[in-house]
Amino acid sequence: MDSHPGSGTEFRIFFRALKKEDIGSVPVVAAPVAHGTERILIVEDDDAVRGLSVRILSGLGYQVVEARSPHEALQYGRDHLVGIDLILADVVLPEMSGSELVNRMRTFSPDVRVLYVTGFDSAQAVQHGVDPARDVMVMKPFSQEFLASKVRQVLDFKGV
């Protein structure tokens, strides 16, 4: 490392050279990604996040229904009183919070599972009605593997 006042710091990193036979000798094994067939209602006002979530989960075999707003989600809930296994809801939505939406959706489907998606930290999520001790949250941005594992975790939970 060379450091000179007024001109910055230069770092040099040296890596051990690999022999040709070393390259590719360590197999890369990806962890299996959890699949399912349950029906998931995705409530997200951000088109990019909603689109990514739909692609990930439908690609894993889930039946995915998407709603751009809480009112679309509530309409779907009224029209399809049963059959939603999981609500994947943004914590902050236009017109109402994700937790308020979930409370209203539970009038149609009391046992529905919930997974919140947020760009906020836990303290800010609490201000929008999410309880980190009780509710499961996924932080944005997320990977396919992480979202899939959290969805499976919530769907498979056998608690009270």
**Q.** From phi via Karplus (6.51, -1.76, 1.60), per-residue ³J(HN,Hα) for segment 48-53 in Hz, x at Gly/Pro
**A.** 5, 5, 4, x, 5, 4
Q: Please compute the Cα-Cα pair-distance distribution of segment 38-156 with 5 Å bins starting at 0, giving whole percents from short to long.
A: 2, 12, 25, 27, 22, 10, 1
**Q.** Stretch gain in nm, segment Asp45-Asp79, where the contour uses 0.36 nm per residue and the Cα spacing is subtracted
**A.** 10.2 nm
**Q.** At most 16 other Cβ within 10 Å, DSSP loop - trypsin sites (Lys or Arg not before Pro), segment 73-111
**A.** Arg106
**Q.** Vicinal HN-Hα couplings computed from phi for segment 113-128 (Karplus, 6.51 cos²θ - 1.76 cosθ + 1.60; Hz; Gly/Pro x)
**A.** 7, 9, 10, 8, 10, 8, x, 9, 7, 4, 4, 6, 5, 4, 5, 9
**Q.** Val64 long-range amide H proximity, modeled H, under 5 Å
**A.** Ile40
(Q) From the phi angles alone, apply the Karplus equation (6.51, -1.76, 1.60; θ = phi - 60°) to segment 135-144 and give each ³J(HN,Hα) in whole Hz, x where the residue is Gly or Pro. (A) 9, 9, 10, 10, 7, 7, x, 10, 9, 4
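Values quoted throughout were computed directly from the atomic coordinates according to the rules given, and no laboratory measurement underlies them. This is a predicted model, so every value here is computed, not measured. As a convention, Cβ positions derive from the backbone with ideal geometry for all residues, glycine included, and neighbour counts pool all protein chains shown.
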